[in-house]
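Here, each number is a calculation from the coordinates, and none is a lab measurement. What you are looking at is a predicted structure, and each value in this text was computed from that prediction instead of being measured. Using ideal geometry, Cβ is built from the backbone for each residue, glycine included, and neighbour counts are taken over all protein chains shown.
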Amino acid sequence: MATEDNEVEDPRPLVLIHNLPSFKLPLQDRLITHFRLFDSLASPEASSVRALICVGPTPVTADTLDHLPSLRLVVGSSAGLDHVDLAECRRRGIAVTNSGDAYSENVADYAVALLLDVLRRVSAADRFVRSGLWPQMGEYPLGCKLGGKRIGIVGLGSIGSEVAKRLVAFGCTVAYNSRNKKPSVMYPYYANVHDLAVNSDVLIVCCALTNETHHIINKDVLTALGREGVIINVGRGALVDEKELVQFLVQGEIGGAGLDVFENEPKVPKELFALDNVVLSPHLAVLTPESFEALNKVIIANLKAFFSNKPLLSPFQQE
Amino acid sequence: MATKEEQPQALENKEEPKEDGELPLVVVLRPKSFNLPLEDRLQSHFHLLDPNDSPDESIESFLSRRAHSARALLCVGLTPLTADTLCLLPSLELVVGSSAGVEHIDLHECRRRGITVTGASAAFSEDAADYAVALLIDVLRRISAADRFVRGRLWPVKGEHPLGFKLGGKRVGIVGLGNIGSQIAKRLVAFGCSIAYNSRKKKPSIPFPYHANVWDLAANSDVLIVCCALTEDTHHIINKDVMTALGKEGVIINVGRGPLVDEKELVQFLVRGEIGGAGLDVFENEPDVPKELFKLDNVVLSPHCAVVTLESFAALQDLVMANLKAFFSNKPLVSLVQNE
């Protein structure tokens, strides 16, 4: 009867929650029905745990991995994985998954919203009204139409595809740059971002941050995009040479920018605060209650697949 | 064939400017302060009769004296065109409107006198639709509020910022499925929204569900987008009942006319948290905006600029010219006003 209870094995697989104190995993309590959780690298269980959930941008370094000799899977909770030493994981035979499609629609919505806001001056107009300027000044400056604009998508992954789908409905044309041309995609492909910029009115940056894509939007690309050009960044701050972008904006050498991410969050270059053709956002593009649910499903699906030796749902692939 | 040297003034391939006396008469009604960028283009094809050119004279006197045989009138901006004015224009057959709405034109009187009216919503519909969608995503995802948060230096200090709501899956109810409403629907479908509508009449060719009254539409929607014409029937069409039916999470977007919404009531609902949010480009007493709204983060405000782009003004000019030219060549008009 009762005396044997403590010898019954817990069937739930063991999973490490790896997170900085400032980052909580939303809906963590849902996971415990499926998995046995612990959260410290110092725990004795660290030596036997085979999977970890990496929360937010908490780094996974070679040092982290040294504490986890049995680790075979890193489950990321974000779309980007630049905080994970992917080369080291590969070297050790550790698979890595990201949030898959959980955020793609949310980020795509946000990217389109930022673009509309920059072109049509929505936030600037809202400021104009709230400051009581409308009765005084009467008219409001012209915006630019979205339809007909040539959109260049940098990184046509899950997010980039959703962005493209939406902008086509507004009457835009779409072209893209990715690491490789995608045979099943109808949009024109440019082998490098400079050429894409030359042929675009807008660049939307939604690729992964890697060694190769660091500052992929540089002075050269900004010049190629031109004085009327608009940049939207919903990827990672370091994809754009921020110092250079600020100069271009301040000097009026580019048309405008919508930025959800920055090189040194939460620091935002103060020169941008004075500009009406810039829309700023505190790294929110994924955040809705609906996306947490979706993320949860992806995390659980990946872990379950792993522990039953089935193919992972969203193994990380660079675009 | 004309070469560039022979006809330096020619604007289009096949047309030549006529002698001034032969140009058709077009009356232009515009507010004094309103410049008409279109004027140059118009003057090469038409003889314009503008009461503003004779400032010492009343409009009535000017029109009686000069416009007796004018067959067409261009109504600029929202200048009212009343029955009294129409009385002074016995030969009038065409009124060309230049704004998206035509509620400032006495349509009833025009109909009675057999005067055709053309509108300009076709020139503006895409830009208006873009703006309606922009307002909606802004309210749901709190774009402007986030921008204020960052500009107010709050990000490093305050850390977190409230979540927004996903757009996809929302049930969008479009009030008035005309040019603008259709363009809005097309865009929101790409975001994964479902669409239903209310119009004066059900439209057989439209696949979206129809609701015979706005209350039913509201009861079955998460969002209402108001883009219908302002008429006697649609005044305050969004009233307390409709807002209650829409519910506490509901969002209202108005890119039509301020009086389509009972503004006092809407402000109460917003202040008390009885509705989810609002994106408003138009107000009942522009440029006055209820100050209670300035404090709210779930409201996005804009100074009646949903159609204000370089491209839409260019399209408007083309449309006005096209209607006038068609009329004077006895060809079909381009954008007849039809009640939605």
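Under a 5 Å amide H to amide H cut-off, with H placed in plane at 1.01 Å, what residues pair with A:Val174 once short-range neighbours are removed?
Here A:Ile151 satisfy the definition.
What percent do you get for the relative contact order of segment B:254-340 when only Cα pairs under 8 Å and 6+ apart count?
23 percent
Which aspartates and glutamates have a Cα lying under 13 Å from the Cα of B:Lys295, excluding residues fewer than 8 positions away in the same chain?
A:Asp126
List the trypsin sites (Lys or Arg not before Pro) within segment B:171-278 that fall in a DSSP loop (any state other than H, G, I, E or B) and whose Cβ has at most 16 other Cβ atoms within 10 Å. Walk me through the numbers on the way to the answer.
Numbers: sites: B:Arg171, B:Lys186, B:Arg187, B:Arg200, B:Lys201, B:Lys202, B:Lys240, B:Lys248, B:Arg257, B:Lys264, B:Arg272; in loops: B:Arg200, B:Lys201, B:Lys202, B:Lys248, B:Arg257, B:Arg272.
Answer by residue number: B:Arg200, B:Lys201, B:Lys202, B:Lys248, B:Arg272.
Within 10 Å of each residue's Cβ, count the other Cβ atoms and sort B:Arg41, B:Arg111 from fewest upward.
Ranking B:Arg41, B:Arg111 by Cβ neighbours within 10 Å, fewest first, gives B:Arg111, B:Arg41.
Spelling out what I want: for every residue of segment A:205-211, take phi, set θ = phi - 60°, compute 6.51 cos²θ - 1.76 cosθ + 1.60 (Karplus), and round to whole Hz; glycine and proline get x.
With the stated coefficients, segment A:205-211 comes to 9, 9, 9, 6, 8, 9, 4 Hz.
What net charge do the residues around A:Lys267 carry, taking every other residue with its C-beta under 13 Å from that of A:Lys267, with Lys and Arg at +1 and Asp and Glu at -1?
Surrounding charge for A:Lys267 is -1.
Please say if the protein assembly as shown is rounded, prolate or oblate, where rounded means a/c under 1.5 for a ≥ b ≥ c the square roots of the C-alpha gyration tensor eigenvalues, and otherwise the choice is prolate for a/b larger than b/c and oblate otherwise?
In terms of gyration-tensor shape, prolate.
For a quick check: sort B:Cys305, A:Cys54 by the number of other beta carbons within 10 angstrom, fewest at the front.
Least to most surrounded, the residues fall as B:Cys305, A:Cys54.
Could you name the lysines whose alpha carbon sits less than 26 Å from that of B:Lys32, not counting residues in the same chain fewer than 8 places away?
B:Lys325
Which pairs break 32 Å Cα to Cα here: A:Lys24/A:Lys181; A:Lys270/B:Lys264; A:Lys270/B:Lys166; A:Lys24/A:Lys267; A:Lys297/B:Lys170?
The answer is A:Lys24/A:Lys181; A:Lys270/B:Lys264.
What are the GluC sites (Glu not before Pro) within segment A:207-251 that DSSP puts in a loop, where the Cβ has at most 12 other Cβ atoms within 10 Å? List each step's numbers first, then the result.
Details: sites: A:Glu212, A:Glu228, A:Glu242, A:Glu244; in loops: A:Glu212, A:Glu228.
Loop-located and lightly packed - A:Glu212, A:Glu228.
What is the sum of charges, Lys and Arg at +1 and Asp and Glu at -1, for the other residues whose Cβ falls under 10 Å from the Cβ of A:Ala238?
Working: positive: A:Arg236; negative: A:Asp82, A:Asp241, A:Glu242, A:Glu263.
Charge balance near A:Ala238 sits at -3.
What list of ³J(HN,Hα) couplings, whole Hz, do you get for segment A:73-82 from phi and the Karplus terms 6.51, -1.76, 1.60, once you set θ to phi - 60° and write x for glycine and proline?
Computed from phi, the couplings for segment A:73-82 are 8, 10, 9, x, 9, 10, 6, x, 10, 5 Hz.
Using only Cα atoms, tell me the angle between helix A:104-120 and the longest principal axis of chain A; keep it within 0 to 90° and round to the nearest 10.
For A:104-120 against chain A, the angle is about 20 degrees.
Are there any GluC sites (Glu not before Pro) in segment B:98-193 that are in a DSSP loop and have at most 15 other Cβ atoms within 10 Å? List them by number.
Values: sites: B:Glu103, B:Glu109, B:Glu126, B:Glu160; in loops: B:Glu103, B:Glu160.
Here the sparse-neighbourhood loop sites are B:Glu160.
Quick check on chain B: helices-only [θ] at 222 nm, where DSSP H runs of length 4 and up contribute -39,500 (n - 2.57) each and the sum goes over total residues. Nearest 500, please.
Roughly -9500 deg cm²/dmol at 222 nm, from the helical runs in chain B.
From the phi of every residue in segment A:264-279, what ³J(HN,Hα) in whole Hz does the Karplus formula 6.51 cos²θ - 1.76 cosθ + 1.60 yield, where θ is phi - 60° and glycine or proline is x?
10, 4, x, 7, 10, x, 5, 4, 6, 5, 8, 9, 8, 9, 10, 10
Which value at 222 nm does chain A reach when only helices count, each DSSP H run of 4 or more adding -39,500 (n - 2.57), with the total divided by all residues and rounded to the nearest 500 deg cm²/dmol? Write down the numbers at each step before the final one.
On the way: 11 runs with 99 residues, N = 319.
So the helix-based figure for chain A works out to -9000 deg cm²/dmol.
Could you please report the charge total around A:Ala125, scoring K, R as +1 and D, E as -1 over all other residues with beta-carbon less than 11 angstrom from its beta-carbon?
Neighbourhood net charge equals -1.
Report, by chain and number, residues whose modeled amide H sits under 5 Å from the one on B:Ala70, excluding near sequence neighbours (fewer than 5 apart, same chain).
B:Ser91
For segment A:104-280, what does the relative contact order come out to in percent, with C-alpha contacts under 8 Å and a separation of six or more? Let's see the in-between values first.
Details: 325 pairs, mean separation 38.0, N = 177.
The normalised contact order for segment A:104-280 reaches 21 percent.
What residues have an amide H closer than 5 Å to that of A:Ser77, excluding those fewer than 5 places away on the same chain, when H is modeled at 1.01 Å from N in the peptide plane?
The list, which skips near neighbours in sequence, is A:Cys54, A:Gly56.
Can you compute the equivalent ellipsoid semi-axes for segment A:49-112, i.e. the square root of 5 times each eigenvalue of the Cα gyration tensor, sorted largest first and rounded to whole Å?
25, 10, 9
In what sequence do A:Met186, B:Met321 fall when counting other Cβ within 10 Å, fewest first?
A:Met186, B:Met321
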